[in-house]
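This report refers to the structure that appears directly beneath it.
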Amino acid sequence: MTPLMSYFRWPVGLTLAGLVLAGWLGWRTTGTASGALSFFMIGAILAVLEISLSFDNAIVNANKLKDMTPVWQRRFLTWGILIAVFGMRIVFPLAVVAIAGRMGPIEAVFLAAREPQEYAHIMDEAHLSISAFGGTFLMMVALNYFIDQDKDVDWLRAVESRLRDWAAIRGLEVALVLAIALGFSLALPGHKGAEFLFASVCGLLTFLAVELVGHILDSAEDARTAAASGGLGAFLYLEVLDASFSFDGVIGAFALTQNLFLIAIGLGIGAFYVRAMTLMLVERKTLAQFRYLEHGAFYSVLVLSLVMFTQALVHIPEVITGLVGACLIGLSLLASIRYERSVKGG
């Protein structure tokens, strides 16, 4: 078995390189040592926040990845990290500004470089739609896990057994998500409520479309190769899932700095740790060893989706979101350890 620390050699090396680059960027931007130190510290804080927010992402990734074919596992862990770092941390903010500001991508790059405050303002204006879209997608991910007739392991039995029984009701998770989204939209004034509801419906349709496309692609691949499930469709699902997890981190980063390139460095560092944690969980079969760990991760996803909805009404610091997620995962880990001890003791 691969030694534990070997999974984190690349992320640690890239962390050092990224922080040095952040310091250099600060020097180039401000021309002062204090500016370089400030950029260095902000880059480190962004990386820590991204890592703390992303452990549940790694567990959910591993839950899907363990059923993928080895070829697609490798592709996700190589191509996927490039998409995660460059796509979500650089291209996504630029695309949001380009669409919201009705400008071309090149103009968005120049705006980010020359007028970071205006760039941050446009991103902030798009926060409502992003929160609604990402929150809806993640809520569907969590409810899809719990409302499942084939799910045979319960952590919080009183809740999960009831949800499993309700799985016979077709479209229940869709109805629940739409009802919650409608409730939040009614709490918002005028056009903001309509904007929130529209973005939520788009998030729901995206989830259903990814599920449909994934099923079609994987079925076609199975027919051609007779391989196990989990090919291109699962890959697309994981990429959209990673994007949804990244929404809050990308938006929240603008509370610390308006510099797009510093944000990309800090959050990019965190993305490499997600890859390392995902690989570790899959190779060491950690999810099988710790019975309730993925339950804690999906509860964390559900909480994150509700937080993203709530942020349409009031700001919630990303640190709180990270702590709640860490606590849920920690409690599920302790419950798993107690279960293993009781089984061995019995």
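Any read-out appearing in this document is the output of simple, stated calculations on the displayed coordinates, not a laboratory observation. All values reported here derive from a predicted model rather than from experimental measurement. A quick note on method: Cβ atoms are made from the backbone with ideal geometry, for glycine too, and the neighbour counts reach across all protein chains shown.
Values computed for the structure shown
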read-out	value
Full-stretch length increase - A113, L212 - with 0.36 nm per residue and alpha-carbon distance subtracted	31.7 nm
Cα-based radius of gyration of the chain once divided by 2.2 N^0.38 Å, which approximates compact folds	1.01
Dipole magnitude of the stretch 4-345, debye to nearest 20 (Cβ charges: Lys/Arg +1, Asp/Glu -1, about Cα centre)	780 debye
Computed [θ] at 222 nm, helices only, for the chain once each DSSP H run of length n ≥ 4 contributes -39500 (n - 2.57)	-27000 deg cm²/dmol
Whole-Å distance, taken between Cα centres, linking the stretch 1-49 and the stretch 262-332	21 Å
Whole-number percent relative contact order across the stretch 4-345, with pairs defined as alpha carbons under 8 Å at least 6 apart	33 percent
Selection from G104, V250, I265, by position along the positive dipole direction of the chain (Cβ)	I265
